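Read-outs throughout are calculated quantities, based only on the coordinates presented, and are distinct from any laboratory measurement. Owing to the predicted nature of the structure, the values given are computational and were not obtained by experimental measurement. All Cβ positions, even for glycine, are placed from backbone atoms using ideal geometry, and neighbour counts span all protein chains on display.
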Ligand SMILES: C[S@@+](CC[C@H](N)C(=O)[O-])C[C@H]1O[C@@H](n2cnc3c(N)ncnc32)[C@H](O)[C@@H]1O
């Protein structure tokens with residue numbers, strides 16, 4: 001096993017850790033309202049505790065804290081990356097009182113068992129070499145009846161674009177998937193999550209897709225940190241993506257922005273419940 005962050009390497013992103021910190025904040029801002037509409041069903045309305053596992057910079061932990069109805073609900077953020085945790089702790093200002101950030105591997109979480117009503121892992125499972133082991137470890141933190149919810153993407157169901165971009169960018173994004181797989185990750189993880197959660201012993205597994213469009217976030221330019229092929233440049237430097245495929249994807253993206261193209265992006269929340277007390281495990 002490699003380092004606990006799996007295929008997640010913020011230092012290898014274009015612009016390094018500072019650019020990745022900005023990208024995570026932008027990504028949280030883009031879709032959080034849609035995600036919360038889904039998550040609210042499983043969040044405690046009074047008291048209890050919520051864990052943001054793989055919280056990174058706390059971009060979502062802070063939004064979660066603000067959205068929870070009861071200020072007494074405890075919120076914990078757990079991450080293995082000290083650089084991102086330092087950003088999270090620095091961001092724990094007036095808008096984010098009452099969040100405790102903990103350093104550790106979510107595969108061996110340094111937290112008490114049976115304590116959380118909701119454990120969220122957002123855009124983390126696509127990076128894990130042993131997602132079932134991680135889901136089992138996180139399930140162990142749930143109180144009976146509590147929910148583990150994994151939010152992630154699937155490269156085969158990322159969304160759609162008008163005009164269509166896929167013929168120009170398919171090679172480039174396939175290379176991204178292969179590079180992530182070589183590092184132990186899986187960009188097709190969303191389709192596997194229902195079985196991963198069942199294999200971890202959770203019941204009542206359900207899938208809730210959510211979608212957002214470029215128009216509602218101010219146009220495709222606002223999606224550049226997520227969608228521009230510029231993000232793939234480190235792959236070209238590593239020799240994992242040919243310059244031709246990169247240039248085709250980049251030219252298509254620039255044309256797309258120039259004609260004010262439209263995208264619909266899809267994400268998936270997959271949730272499973274810990275058996276209520278007194279029932280047999282499956
Ligand atoms: C793409 S970032 C997402 C961060 C955050 N969940 C968000 O949505 O803004 C993935 C995060 O998972 C963390 N991570 C990956 N593997 C981990 C592990 N085994 N234990 C703890 N954190 C992990 C990384 O350090 C990183 O902060």
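Which residue, 180, 126, 11, tops the fluctuation ranking in a GNM of the chain built on C-alpha contacts under 10 Å? Greatest mean-square fluctuation among the candidates belongs to 11. The calculated FRET efficiency for the pair residue 90 and residue 213, based on their C-beta separation and a Förster distance of 41 Å, comes to about 0.80. Each label point was placed 7 Å from the Cα along the Cα-to-Cβ direction; for residue 40 and residue 166 their separation is 3.3 nm. Computed from label points 7 Å out along Cα-Cβ, the spacing between residue 157 and residue 14 is 2.8 nm.
For segment 10-273, what is the relative contact order in percent, using Cα pairs closer than 8 Å and at least 6 residues apart in sequence?
About 20 percent, as a whole number.
Between helix 166-182 and the chain there is an angle of about 50 degrees, using the helix long axis and the longest principal axis of the Cα atoms. Here the gap between residue 195 and residue 100, fully extended at 0.36 nm per residue and compared with their Cα-Cα distance, gives a gain of 31.1 nm.
Helix 243-258 axis versus longest C-alpha principal axis of the chain: approximately 80°, rounded to the nearest ten. Give the shape of segment 1-128 as rounded, prolate or oblate, defined through the alpha-carbon gyration tensor: a ≥ b ≥ c are the square roots of its eigenvalues, a/c under 1.5 means rounded, and otherwise the shape is prolate if a/b is larger than b/c and oblate if not. Prolate shape, in that a/c is at least 1.5 and a/b is the bigger ratio. For segment 120-217, what's the relative contact order in percent, using C-alpha pairs closer than 8 Å and at least 6 residues apart? So the answer I get is 39 percent. Computed from Cα atoms, the angle from the helix 16-39 axis to the main principal axis of the chain rounds to 60 degrees.
Compute the length gained on full extension between residue 22 and residue 257: take 0.36 nm times their separation in residues and subtract their Cα-Cα distance, giving the result in nm to one decimal. Walk me through the numbers before you get to the answer.
Values: separation 235, 0.36 × 235 = 84.60 nm, distance 2.08 nm.
Once the chain is fully extended between residue 22 and residue 257, it gains 82.5 nm.
Fewest neighbouring Cβ atoms within 10 Å first, the residues 241, 188 line up as 188, 241. Restricting the calculation to alpha carbons of the chain gives Rg and Dmax of 18.7, 60 angstrom. Counted over the chain, the DSSP beta bridges are approximately 50% antiparallel. Each peptide among 16-28, 43-55 gets the average number of other Cβ atoms lying within 10 Å of its residues, and from highest to lowest they stand as 43-55, 16-28. For the residues 62, 143, 208, a GNM of the chain with alpha-carbon springs under 10 Å puts the largest fluctuation on 208.
Quick check on the exposure proxy: order 230, 216 from fewest to most C-beta atoms within 10 angstrom.
So the residues, fewest neighbours to most, are 216, 230.
Calculated mean residue ellipticity at 222 nm for the chain: -11500 deg cm²/dmol, from DSSP H runs with n ≥ 4 weighted as -39500 (n - 2.57), summed, divided by the residue count and rounded to 500. Distance from the alpha carbon centroid of segment 209-274 to that of segment 83-157 works out to 25 angstrom.
Counting only the backbone N, which residues of segment 130-171 are under 12 Å from the spot 7 Å out from the Cα of residue 188 toward its beta-carbon? Once the point is set 7 Å along Cα→Cβ of residue 188, 154-157 turn out to lie under 12 Å by backbone N, inside segment 130-171. For segment 153-282, just say rounded, prolate or oblate: build the C-alpha gyration tensor, square-root its eigenvalues into a ≥ b ≥ c, call rounded for a/c under 1.5, and beyond that prolate if a/b exceeds b/c, oblate if not. It is oblate, given that a/c is not under 1.5 and a/b is not larger than b/c.
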